[in-house]
Amino acid sequence: MNTYVRPALSLALLMTLLTGALYPLAVTGIAQVAFPEQANGSLVRDAQGQVRGSALIAQDFQGDGWFHSRPSAGAYATVASSASNLSPSNPALAERVASDAGALYRTQQGPVPQALLTTSGSGLDPHLPPQAVAYQIPRVAAARKVPEERLQALLEEATLHPLIGPPVVNVLALNQALETLGH
Amino acid sequence: MHSYDFALLLAFFLIVLLPAPWLGRFYYKVMEGQRTWLSPVLGPVEQGCYRLAGVRADQEQNWKQYTLALLAFNLVGFLLLFAVLLLQGYLPLNPQHLPGQEWSLAFNTAVSFVTNTNWQGYSGEASVSYLSQMLGLTVQNFVSAATGLAVLVALCRGIARRSTATLGNFWVDMTRATLYGLLPLCLVLALLLVWQGVPQTFADYAHALTLQGSEQTIPLGPAASQIAIKQLGTNGGGFFGVNSAHPFENPSAWSNLFEVASIILIPVALVFTFGHYVKDLRQSRAILACMLSLFLIGGATALWSEHQPNPALESPQVQQSAPMEGKESRFGTTGSVLWTVTTTAASNGSVNAMHDSLNPLTGMVAMVNMMVGEVIFGGVGAGLYGMLLFVLIAVFLAGLMIGRTPEYLGKKLQAREVQLLVATLLVMPVGVLVLGAVAASLPGPAAAVSNPGAHGFSQLLYAYTSGTANNGSAFAGFGANTVYHNLMIGLAMLIGRFGYILPILALAGSLAAKKSAPQGLNSFPTHGPLFTGLLLVTILLVGGLTFLPTLALGPIAEYLSLGF
């Protein structure tokens, strides 16, 4: 019996110590020194030091004066994150997309980009494709009474072009830039 | 497809294929106890483990002893994890004061992580404490992968050795796999991920006041360390509920590349490890060519399918482009499809887009990848041992065709070996078709389906396929967290794991005991394009054909009904 029980128990405990305690502690130690910003959740603070969100977690922007985030199936809940899990054949998906498109559609701008009509995988997608931001520019410009060209310039500045992924815009950062612009 | 899509695919294949020969040799040296550049650091730790556990590293085990050791270790791991999950409410490092898991969920979770499946009936940030994530789940992420690697090298030794009763020592193999095989790579990947934005902290969840002035809780935790092993160990269990779609698990296109490549980095390398065991790298190349072909066929189909606009959304007001429901902007279609194909080919099961919302044929590729038994690279160790079974079956079939006793690398395959092979062939059908059919026939369990029509059937089919194949991904709308499904998918995972491991270790023992016949002119060569083709056909016929009717009822029916 001892041939199996002792090694099984002691190795289970030793592996717990090594991989379950020492390894995460080592990663935390190094990460907190090398990348403290990211390791603590990429928090965004205002001038007073108040946490205003995380650069990586979408916020629920409402109203005409802000750029809206990707739609969220979980109403931007962070605990717990969730997705719609609607199948492509589910009539509920087609109905939702059609009704949202009806609300957002502007004849002079053409069809509404998919990113504004579909919920993201996490419900917390912090990004939008540039064209989905551009579609919102006339609305935001009118509400804030700023020329569209300025918002267009802001968008171009905020667009990230990773070599291996689609171009994206961080919506929170863009809206923060709006705040400085508006006043 | 844009230029960045091609850049992603190119970078992925380079990261995965270039280091494989070197890494494969490294795994061979490590598992055979040879000195590597890590020995000065990890050698003393390894020896310390053996001393404390009372293990004699030079004492080898026969296949029965090896199996008993493996089962004892997995049982202890299961009991520890089960206890931690039940009792986490009373344990420290639980800043959110989360209660213990309900018993059937805790059973399902514990089985899931011990069997390297990482099916999740819960949402991490809402129901698992930091302590459970680290001391419970992270540990099983490591040792379940190490167990897979141990079984693989036992089988490799069985094929390579002659006239011997022993296959190595499970305690030693498991320890070496964890210490040298997984920990160092995880440390590197974890830090790369933190750099890209994955949190790694023990602090409480953060509280923010959003730009528009509402309250927002920001979940944190020691995520990077767990995500690294969840990818490298082909586990797939997310730190957060929506897995690698969560921006904290996978913050950028670059983290996406690192994580998706990590899924098959080790499984690809292990194909070369096998070549070193049998002292014939041509065998490795033949197997690799077969795996790569299956991967590319599935990958190309899925890419094509997912770039088609969904006809159900056709309207002049809606942009007609590749569907984005359930996908993240930063990954786009190609980054999501590459992940879907890789995670299902490799028994990983993490997701960066919601598989439930994929176009029907993309979802079907994911299911086929699992149904053939997770042998397209597959899990750490598990993928290649599954593939070697198909190699032996292909050799057996070839033997029947030319009317000779089939032999593989000098080992004759006789009645006992073929019986064991057939036993493993029954695992997927029993788990998927039998358990799946029972669930589909009972009104209670069938009610877990959340989408109407053919897709609803696909959800149930996917769940039992994923469980039996030890994958862990899901059509996640499926309401699996019920006592029935927790227990039955738990059972499917156990069948899928040990239904392979036990016959394989018996097979390894039986092969090791055989004398080696010299390979002559009449031996059927098991390298080169002819054998690769035969292997490919064997996998598709034996592994895939069984499930064709279910695929017709699920994804194919959905595809046709949508009128693509």
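Couple of notes before you dig in:
- Of the residues making up region A:23-59, those that are more than 7 Å from chain B (Cβ to nearest Cβ) and closer than 24 Å to B:Ala245 by Cβ number 4.
- Those residues of region A:1-50 which are basic (Lys, Arg) and under 29 Å from the mean Cα position of the chain (by Cα), in sequence order: A:Arg45
- Residue within region B:200-211 that is under 22 Å from A:Leu124 (Cα atoms) and among the acidic types (Asp, Glu) present: yes
- Condition check for A:Ala134: more than 8 Å from chain B (Cβ to nearest Cβ), under 28 Å from B:Gly213 (Cα atoms) and small (Gly, Ala, Ser): yes
- Among the residues of this structure, B:Val76 counts as one that is at pLDDT 95 or above and facing chain A (nearest Cβ under 10 Å).
- Residue in region B:147-162 that is in contact with a strand residue (DSSP E or B) (Cβ under 6 Å, 6 or more places away or on another chain), crowded, with 24+ Cβ neighbours inside 10 Å and either at pLDDT below 95 or under 30 Å from B:Ser255 (Cα atoms) (or both) present: no
- Of the residues making up region B:32-67, those that are under 22 Å from B:Leu167 (Cβ atoms) and aliphatic (A, V, I, L, M) number 3.
- Any hit, region B:3-13, residues being facing chain A (nearest Cβ under 9 Å), farther than 29 Å from B:Ser262 by Cβ and not polar (S, T, N, Q): no
- On inspection, B:Val194 fails the criterion of being closer than 15 Å to A:Leu56 by Cα, at pLDDT below 95 and buried (at least 24 other Cβ atoms within 10 Å of the Cβ).
- The set of residues in region A:145-182 that are within 14 Å of chain B (Cβ to nearest Cβ) and not aliphatic (A, V, I, L, M) comprises A:Thr159, A:His161, A:Pro162, A:Gly165, A:Pro166, A:Pro167, A:Asn170, A:Asn175, A:Gln176, A:Glu179, A:Thr180, A:Gly182.
- None of B:Leu265, B:Leu303, B:Leu257 is within 14 Å of chain A (Cβ to nearest Cβ), among the hydrophobic types (A, V, I, L, M, F, W, C), part of a helix (DSSP H, G or I) and more than 19 Å from B:Leu530 (Cβ to Cβ) except B:Leu257.
Per-residue answers, yes or no, for (1) within 14 Å of chain A (Cβ to nearest Cβ); (2) among the small types (Gly, Ala, Ser); (3) without any contact (Cβ under 8 Å) to a residue 40 or more places away in the chain:
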| position | (1), (2), (3) |
| --- | --- |
| B:Leu507 | no, no, no |
| B:Ala513 | no, yes, no |
| B:Thr526 | no, no, no |
| B:Pro529 | no, no, no |
| B:Thr538 | no, no, no |
| B:Leu545 | no, no, yes |
| B:Leu553 | yes, no, no |
| B:Tyr559 | yes, no, no |
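- Hey, A:Ser120 more than 9 Å from every other protein chain (Cβ to nearest Cβ) and in contact (Cβ under 8 Å) with a residue 24 or more places away in the chain or not: no
- One residue stands out in region B:210-244 among those that are surrounded by fewer than 24 Cβ atoms within 10 Å (Cβ to Cβ) and more than 9 Å from every other protein chain (Cβ to nearest Cβ): the one that is modelled with the highest pLDDT, namely B:Glu215.
- Filter result for the condition that a residue is surrounded by fewer than 22 Cβ atoms within 10 Å (Cβ to Cβ) and under 25 Å from the mean Cα position of the chain (by Cα), over B:Leu505, B:Leu534: B:Leu534
- Filter pass, B:Gln34 being polar (S, T, N, Q), free of Cβ contacts under 8 Å to residues at least 24 places away in the same chain, touching a helix residue (DSSP H, G or I) at 6+ places or on another chain (Cβ under 9 Å) and part of a loop (DSSP other than H, G, I, E, B): yes
- Some residue of region B:434-443 being touching a helix residue (DSSP H, G or I) at 6+ places or on another chain (Cβ under 8 Å), under 24 Å from B:Val341 (Cβ atoms) and surrounded by 15 or more Cβ atoms within 10 Å (Cβ to Cβ): yes
- Taking the conditions (1) crowded, with 24+ Cβ neighbours inside 10 Å; (2) more than 7 Å from every other protein chain (Cβ to nearest Cβ) in turn, B:Pro247 satisfies each one other than (2).
- Those helices (runs of 4 or more DSSP H) of region A:1-77 in which at least 3 residues are without any contact (Cβ under 8 Å) to a residue 40 or more places away in the chain and farther than 30 Å from B:Phe170 by Cβ, considering only elements entirely within it, cover A:23-34, A:36-39.
- Residue in region A:10-21 that is within 25 Å of B:Glu328 (Cα to Cα) and among the aliphatic types (A, V, I, L, M) present: no
The values are calculated or read from the model by the stated rules, or taken from the named source; none is laboratory data. Everything numeric in this text was worked out from a predicted model, so none of it was measured. Every residue, glycine among them, receives a Cβ derived from its backbone with ideal geometry; neighbour counts consider all protein chains shown.
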